Amino acid sequence: MQMSEITLTIDQQQVTLRADASVLEACGEIGIKIPTLCYHKALPAYGACRLCLVETELGGRTRIQASCTLPVSEGLIVRTDTERVTKTRRVMAELLLARCPGSDRVREVAAEIGVTDTRFEEKNEDCILCGLCTRVCSMLMGSGAIDFGGRGDTRRVGPAYDKHSSICMACGACAQICPANAVDLTKVSARPVRPVGADYDAGLVARSSIYIPYQQAIPKIPVIDRSTCMHFLKPAEVDACRACESACPAGAIDYTQEDEMVDLQVGAVVLAPGFCLYDAAEKLEMGYAWSPDVVTSLQFERILSASGPYEGQVLRPSNGEHAKQIAFLQCIGSRDDDHDYCSSVCCMYATKEAIIAMEHQPGLECSIFFMDLRAFGKGFDAYYERAKELGVRFIRCRPSSVEQIEGSDGLRVKYVDEEGHTASADFDLVVLSVGLKPPEEAKELADKFGIELDGYGFASTKAISPVVTSRDGVYVCGPFSEPKDIPETVTDASGAAAQAMSLLAEGRHTLVTQKEYPPEKDITGQRPRIGVFVCHCGRNIGGVVNVPETAEFAQSLPDVVYAEHNLYTCSSDTQVKIRELIKEHDLNRVIVASCTPRTHEPLFRDTVREAGLNPYLFEMANIRDQCSWVHMHEPAAATEKAKDLVKMAVAKARLLEPLYITPVPVTSVALVIGGGVAGMSAALNMADQGFPVHLVERTPELGGNLRHIYYLLNEEDDPQSELEKLVSKIEAHPNVTVWLSSNVARVDGFVGNFASTIVRDGEENVVEHGIIIVATGATEYVPTEYLYGSDERVITQRQLEERLASGELGAKRVVMVQCVGSREDGRMYCSRVCCSEAIKNALKIKAEHPGTDVFVLYRDVRTYGFREKYYTEARRQGVRFVRYEPENKPAITADPERLHVEAFDPILQTTLAIDADLVVLAPAVVPHEDAADVAQMLKVPLTSEGFFLEAHMKLRPVDFSADGVFLAGLAHSPKGIDESIAQAQATAARAATILSKDEYTPEAIIACVDEEICAGCGLCASVCSYDAPEIVTVRGRRVSRINQALCKGCGACASACPSGAIQQLGFRPKQITEMVSAALEWE
Amino acid sequence: MTLDTSFATAVQERSGQDLAVCYHCLKCTAGCPLSSHMDLKPNSILRMIQYGQRERVLKSHAIWFCVSCMTCGVRCPNEIDISAIMDTLREMAIEAGYAYAAEKKVVQLHEEFVRSIKLWGRLHEVTFYIGYMARSLDILASLPAGLTLLARGKLPFLPKRIKGAKQIKRLYERAYKTKGQLAEEE
């Protein structure tokens, strides 16, 4: 039934609207502004503030009435701006001002109608008795916890009987809606009034019940937390709140959404649920529970972040002042009786946080209190040394507590210094380096997927199969199996993928459908017909830039035949529209003025292609990141800039040319250089995936360094029998060709198309393959110190292990010296495996030769992750650990009877004189001598320490920058067997991304050479990081030729080329200069 | 160097603490309210025990400064209760006859305290303290505090009798049988 309509007259204008409207709403319809304080469109009108008074005339009678509570009536005459109305409103404003002289909002509204002071006696109230809070509480929230009480002079708003209300849900609606900021929830609610902490900002920042989880969320849309949202907390029939629904212009809120159950048939499962952090509040003595200036490391990351609550300023949460001294306390919730493991990442993250904090705030002093500094990863020890140089204080002591300094708001940490004296230091911010724990859903996941968890609650795996769970077909990666850092996590992830791929090898491509495209239109000879689509991006662009105006401007530009604006150009319905419009208007160039190409350029290129145009006839103008986002407060200027950007895009678009990619065929064969555990694991996985593999080993035997390992720390797996199994699998596999006593002498070609020469018995064999895996391993430093080589009682850990494996020892007192050759000038890295090795052998000695004294002289004990418990066991068994500093190394002298070891014990502050029968050294893991030759042959780089350098240490730990070449095992850096295997499997997964395709599709926006102009100077080749330009001889002349498959389109060669022979397709000089001309309006 | 492990074993057994597991994080020493007064720090003492330095440890003053506040034991990540070890070391020091040489007054106070309970079944401050002052000739130490207590009527002149006095005496006898007499009473 249609609502009947009523016509009335307001300020001599006729207004027709629905019969249930108020006069205030009618005024709103025709744009007449009426001052209000107690009105809110979501709530019924109350008429408390009396500011919306208007003069009405009906049937000859005139009255002054509140327009908000006055319903419209047929023939009503309303006057909103007569002198009488204005005078009366002003008196009301004066009364309000007298009641609440301190309220900013009242002052603001009063000033709008010309009232700045009051003749009435001033009181000092905050509340204007508008009743908005009472109405929102009872009508929207369905609680009714607060209401008016008292009468006349004593009228006030509060909870029943002025007692803290238990009905009050502390939702905060009243505080939010109050125009005078007069609500103090702590006086109203019986519940604790605590803001809900945003998970992403680690509780530092409050969020509402509907929120966007974080800026990088995918999809980046809000979610409703049903545990705090009033609509869901209240019974359904109350239908509380719904404020978000009324606010959303797109009508996107749907409270009826339920979890959808989807059935999936899969062949393999990869679990990557991550970890959760130790709850620092458990350690009461550390102050987290009572001091706002004691934060966790994750909270400190948010504090340091430019997008965090303090925008990267290092501020104290308690008072917002800049922190001057920060303490980092390590091992909070790790390496203790409840968590006998090391969380592996905290030493490094604390060091990083300290350095970054000091960068953000020069002059900041950071002190890190630690036990052993676990900087065992690639590049980490060098970073630690740098931190020391930058002035970060490292104090080797685990403080007992954090205390409030009496009479001040600072924090005091008592510790013990190097000489053993108790000392204390004051700080204004303390960061607790909390440990990693299994994720909350660990138990649930384990039950659901039928996998076992270990004693700590992490997913149980084996050393020889590090990403495999106790259940076939279910794999894990990342910290779910053991706390680990980013490079290891990323490696794990590819490793798990490799396992899944080899399991499901037969199913490859069976469920994939190829996309069909219409034939490409030939646009040669046509004049440019440009279509421009300007995007609002919701309010992201449209809220600052005048998008319709920009679209209109675009239409006016020469060669633009069509322009429009869209709310969300990237939405699927808009893609359909774009395709239709391309056909309708016969467009041959398309421009989208919206966000950065990094978000949706591929999508738009695809749309354009689907409409039959070459995808490179598309251009984007970034009017969001580079316009509306940075000029948020200057809409007019931003609009002009957006127009300029569109003009520039149009200028370029006129000169866009179609670009074509020639796919390169791929030889789906792999070459693995190195037959150790890494090489074999990679080869086996790729062979299982169905790819032929050439495995080249230069010694007569497969196995590498694993041949020298007889037992593992965990005693569960037998490395020699595992090695045997691996070798038999390799030798028996139909897809693997093993080349023993062979060398790779030469590598030609590029990704997908390599041809390598393998030399065996003097004979050269050329094999064709698509990828290369470098698994050449590493070797042991041969010590010259500590009498090694001159006294046969000084041996290495490897030699000790061989002895112990055969049941011998021949010593009553053994002294082990760690870090021989590692962590010093020229080799500032940690060899990672030696602490575990030493402890492994020490435990073996204690088990098989009880009564033997074992001393371990160390610098830091780096038994990271689950290796920590073996360190504990070693101590329990009586192995004595004595720390030494590099400036004060142990001294070893020999006489025929014993070896004399002198070591300074920092705990006892005396020099120990130990008579030993055997000294065991832990030498550094060093690259092979010819690593540099291999690197040159493959055209891959080395680090300054001589190990191979990957494309990105954290995010691409097994790739080289050069496409198609991958890296695993000791060749990358020192690591344990499980880590080598995981990394090897990761390379197999990465290699499969190339080998599984028939063709390799290179980039189309690449460099191209005009051979007529090219002088063959070779500057381009020297500048290129990807080895794409090659100087060849053509008809007697040297010219540069770009390898399409390798070129990444970075433009370095084009800018280096002195003759201008090289141009970047898609960014030709003329295209760029036209854009500049358009921007500067040159003719 | 000689490594006499018997001392470490004895301390470990008697105290029930697995002191070999200590990794010298220094938390105990950092948190000990008395550590700045100690000649040997708590964690150093553990190491010395491990290295068999029996005499040095038992003759130290440090073990007598420990007041058994247990801050160390409660916070030790390896759950070693150093105060229990200190207890054991004190017993051993008394047995070895080193106690008097180290901190005579502490031992004397302790012995008077123990004797008072043995006599009355319950501590009687006045006779206990007089006994201590007589033995140690340390008259002035707590005199101001004592006088204040007296003025406030906190020091009853007569000892309070308790019902279980005989049972307490029997406890003592049993303890003597297993642990030996107090040094002073031998």
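The values are calculated or read from the model by the stated rules, or taken from the named source; none is laboratory data. Computed from a prediction, not measured in an experiment: that's the story for all the values here. Methodologically, a virtual Cβ is constructed for each residue, glycine included, from the backbone with ideal geometry; neighbour enumeration extends over all protein chains shown. For accessibility, only protein heavy atoms count, side chains too; no ligands or nucleic acids. Shrake-Rupley method; radii C 1.70, N 1.55, O 1.52, S 1.80 Å.
Figures for the structure shown
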item	result
Flag for residue B:62 being farther than 17 Å from residue A:420 by Cα, out of contact with any Lys or Arg (no Cβ under 6 Å at 6 or more places or on another chain) and either within 8 Å of chain A (Cβ to nearest Cβ) or not charged (D, E, K, R) (or both)	no
Scan of region A:265-293 for residues that are crowded, with 18+ Cβ neighbours inside 10 Å and within 14 Å of another protein chain (Cβ to nearest Cβ), ordered by number	A:278, A:283, A:286, A:287
Residue identified as open to solvent by 20 Å² or more (accessible area, probe 1.4 Å) and touching a Pro at 6+ places or on another chain (Cβ under 8 Å) among A:452, A:482, A:419, A:441	A:441
Residue match in region A:373-388 (condition: in contact with a strand residue (DSSP E or B) (Cβ under 7 Å, 6 or more places away or on another chain) and either basic (Lys, Arg) or away from chain B (no Cβ under 14 Å) (or both))	yes
Failed criterion for residue A:154 (all others in (1) modelled with pLDDT under 90; (2) over 29 Å from residue A:310 (Cβ atoms); (3) touching a strand residue (DSSP E or B) at 6+ places or on another chain (Cβ under 7 Å) hold)	(3)
Strands (runs of 3 or more DSSP E) completely within region A:842-957 that count 1 or more residues being within 11 Å of chain B (Cβ to nearest Cβ), more than 20 Å from residue A:801 (Cα to Cα) and modelled with pLDDT under 95	A:899-905, A:910-916
Residue check for residue A:335: in contact (Cβ under 8 Å) with a residue 12 or more places away in the chain and assigned to a loop (DSSP other than H, G, I, E, B)	yes
Residue match in region A:726-736 (condition: at positive phi and modelled with pLDDT of 95 or more)	no
Residue A:750, sole failed condition from (1) over 42 Å from the mean Cα position of the chain (by Cα); (2) modelled with pLDDT under 95	(1)
Of the criteria (1) in a helix (DSSP H, G or I); (2) closer than 15 Å to residue A:736 by Cα; (3) open to solvent by 40 Å² or more (accessible area, probe 1.4 Å), which one residue A:641 fails	(2)
Positions within region A:190-232 being farther than 28 Å from residue A:433 by Cα, open to solvent by 50 Å² or more (accessible area, probe 1.4 Å) and part of a loop (DSSP other than H, G, I, E, B), in sequence order	A:190, A:191, A:192, A:193, A:208, A:218, A:219, A:220, A:221, A:222, A:226, A:227
Helices (runs of 4 or more DSSP H) completely within region B:1-115 that count 2 or more residues being surrounded by fewer than 17 Cβ atoms within 10 Å (Cβ to Cβ) and at pLDDT below 95	B:5-15, B:54-58, B:82-96
Pick from region B:162-186, criterion under 23 Å from residue B:129 (Cα atoms) and at pLDDT below 80, ranking: least open to solvent (accessible area, probe 1.4 Å)	B:182
Any strands (runs of 3 or more DSSP E) falling wholly within region A:417-491 and containing at least 3 residues that are at pLDDT 95 or above and more than 14 Å from chain B (Cβ to nearest Cβ)	A:429-434, A:474-476
Residue within region A:997-1019 that is touching a strand residue (DSSP E or B) at 6+ places or on another chain (Cβ under 6 Å), assigned to a helix (DSSP H, G or I) and of a type outside the set (D, E, K, R) present	no
Given (1) in a helix (DSSP H, G or I); (2) open to solvent by less than 30 Å² (accessible area, probe 1.4 Å), index of the condition residue A:1049 fails	(1)
Residue in region A:116-124 that is part of a helix (DSSP H, G or I) and open to solvent by 40 Å² or more (accessible area, probe 1.4 Å) present	no
Segments classed as helices (runs of 4 or more DSSP H), wholly inside region A:130-189, with at least 3 members that are touching a residue at least 12 places away in the same chain (Cβ under 8 Å) and under 21 Å from residue A:242 (Cβ atoms)	A:132-135, A:173-177
Considering residues of region A:404-416 that are surrounded by 18 or more Cβ atoms within 10 Å (Cβ to Cβ) and in contact (Cβ under 8 Å) with a residue 60 or more places away in the chain only, the residue farthest from the other protein chains (Cβ to nearest Cβ)	A:411
Failed item, numbered, when residue A:570 is tested on (1) in a helix (DSSP H, G or I); (2) surrounded by fewer than 19 Cβ atoms within 10 Å (Cβ to Cβ); (3) under 27 Å from the mean Cα position of the chain (by Cα)	(1)
One residue from A:314, A:345 being hydrophobic (A, V, I, L, M, F, W, C), more than 14 Å from chain B (Cβ to nearest Cβ) and within 19 Å of residue A:429 (Cβ to Cβ)	A:314
Cross-chain or 6+ apart pairs with Cβ under 9 Å, region A:481-492 first and closer than 9 Å to residue A:954 by Cβ, then among the aliphatic types (A, V, I, L, M) and modelled with pLDDT under 95	A:486/A:953; A:486/A:955; A:487/A:953; A:487/A:955; A:490/A:955
All strands (runs of 3 or more DSSP E) inside region A:738-802 with 3 or more residues being within 30 Å of residue A:902 (Cβ to Cβ)	A:794-796
Qualifying residue in region A:756-774 (condition: over 45 Å from the mean Cα position of the chain (by Cα) and either open to solvent by less than 50 Å² (accessible area, probe 1.4 Å) or hydrophobic (A, V, I, L, M, F, W, C) (or both))	yes
Residue in region B:48-55 that is within 30 Å of residue A:282 (Cβ to Cβ) and either in contact (Cβ under 8 Å) with a residue 12 or more places away in the chain or not aromatic (Phe, Trp, Tyr) (or both) present	no
Test: residue in region A:985-997 that is in contact with a His (Cβ under 8 Å, 6 or more places away or on another chain), open to solvent by less than 70 Å² (accessible area, probe 1.4 Å) and closer than 30 Å to residue A:510 by Cβ	yes
Boolean, residue A:429 is touching a Lys or Arg at 6+ places or on another chain (Cβ under 6 Å) and of a type outside the set (Val, Ile, Thr)	yes
